[in-house]
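So the structure is just underneath, and the comments pick up after that.
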Amino acid sequence: MALEFDMNFEPAHGEAVPVAPDVLRITVDNGGPFTFRGTNSYIVGSDTLAVVDPGPVDERHLDALMKAIAGRPVSHIFITHTHNDHSPLAARLKALTGARTAAEGPHRDARPLRIGEVDTLDYANDEDFRPDIVLGDGELVEGDGWAMRAIHTPGHAANHAVFALEGTGTTFSGDHVMAWSTSIVAPPGGSMSDYMASLDKMLARDDRRLLPGHGGPVETPAAFMRALKGHRKMRERAILERIRTGDRTIPDMVRAIYRDTDPRLHGAAGLSVLAHIEDLVARGVVAADGEVAIDGVFRPA
């Protein structure tokens, strides 16, 4: 299967849309080059509920969530990862409902900052979030008529987890796998080697449907993730080819490899190239003249 993205998602911003039995999706009106049509929040259950990824601080979205909750108790708020479009509204929702927050952990980077390095995506991180429940890999949380299993999937973010709704074949995939785009993997917050290992971990499962943090559902998860893995490997080969033919800096590689990509995304593309190069250097395929950094100089090993 060739990797094909679904760009046809048209959300009803602020409205609760049924997407699976006892699962509602409400999409925040925060669309952009990194969020597509907006961040998806999910409400799970029929009596006592759970919320997955309440989203950014947005009063209209909070009102929409509370309208869909309709006075029912909420026991848990699950957070796939602590980027500012996914977790900050949890504090307000917790205060209104008394629910406990559950996640892999607070924000952290995939690796320490190197000397002189600046985290250019630091603005995107929710540094304030602290989960009430720290979920181990594979840990099961049982609710009222539903059970959610946490699966650690670092890569896009070091604390990324997906949540499998037990017995349904449905998994809330956050930003790890999305139908509309590849996931941004940007050091130091993200790690390409972690991302690829997490993709293999998901491929070993038998999910029948993924409900992502942005865009519409992934209806054929195994085939889509195999194509996604192939796409990443193709990108790695393209980077290696640019290095072998003489490109030595990441901006040069981005101009060649991402020439058809929205220029607003070239900064993120450069970080994605850096993530691949970090992995290639660790494997001994590429060498760096000095630090492995966004402004580094690289050559074949």
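Results, tabulated for the structure shown:
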read-out: Strands (runs of 3 or more DSSP E) contained entirely in the range 1-61, each with at least 2 residues that are crowded, with 20+ Cβ neighbours inside 10 Å and hydrophobic (A, V, I, L, M, F, W, C); value: 23-27, 40-44, 49-52
read-out: So Glu104, is it modelled with pLDDT of 95 or more, crowded, with 20+ Cβ neighbours inside 10 Å and among the acidic types (Asp, Glu); value: yes
read-out: Residue within the range 261-282 that is of a type outside the set (A, V, I, L, M, F, W, C) and more than 27 Å from the chain's Cα centre (by Cα) present; value: no
read-out: Of all residues making up the range 153-169, the number that are among the hydroxyl-bearing types (Ser, Thr, Tyr) and either surrounded by fewer than 23 Cβ atoms within 10 Å (Cβ to Cβ) or not assigned by TED's automatic domain parsing to the domain that holds Asp200 (or both); value: 1
read-out: Single residue of the range 242-288 satisfying the filter (assigned to a loop (DSSP other than H, G, I, E, B) and either aromatic (Phe, Trp, Tyr) or under 23 Å from Asp119 (Cβ atoms) (or both)) that is modelled with the highest pLDDT; value: Thr249
read-out: Test: residue in the range 150-158 that is in a loop (DSSP other than H, G, I, E, B) and farther than 13 Å from Met202 by Cβ; value: yes
read-out: Top-ranked residue of the range 62-74 - restricted to ones that are among the small types (Gly, Ala, Ser) and surrounded by 15 or more Cβ atoms within 10 Å (Cβ to Cβ), ranked as farthest from Ala269 (Cα to Cα); value: Ala68
read-out: Which numbered condition Asp262 fails, given (1) closer than 19 Å to Ile184 by Cβ; (2) without any contact (Cβ under 8 Å) to a residue 60 or more places away in the chain; value: (2)
read-out: Search result, residues across the range 110-133 that are surrounded by 14 or more Cβ atoms within 10 Å (Cβ to Cβ) and farther than 27 Å from Leu271 by Cβ; value: Ile133
read-out: Filter pass, Ile43 being modelled with pLDDT of 95 or more, in contact with a helix residue (DSSP H, G or I) (Cβ under 6 Å, 6 or more places away or on another chain) and either of a type outside the set (Gly, Ala, Ser) or within 28 Å of Gly167 (Cβ to Cβ) (or both); value: yes
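Rundown of residues vs (1) free of Cβ contacts under 8 Å to residues at least 60 places away in the same chain; (2) among the small types (Gly, Ala, Ser); (3) closer than 23 Å to Leu121 by Cβ; (4) touching a helix residue (DSSP H, G or I) at 6+ places or on another chain (Cβ under 8 Å), yes/no style:
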site: Glu166; (1), (2), (3), (4): yes, no, no, no
site: Asp175; (1), (2), (3), (4): no, no, yes, no
site: Ala186; (1), (2), (3), (4): no, yes, yes, yes
site: Met202; (1), (2), (3), (4): yes, no, no, yes
site: Arg209; (1), (2), (3), (4): no, no, no, yes
site: Gly216; (1), (2), (3), (4): no, yes, no, no
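The values are calculated or read from the model by the stated rules, or taken from the named source; none is laboratory data. Because the structure is a prediction, the values reported are computed rather than measured. Note that each Cβ is placed from the backbone with ideal geometry, even for glycine, and that neighbours are counted across all protein chains shown.
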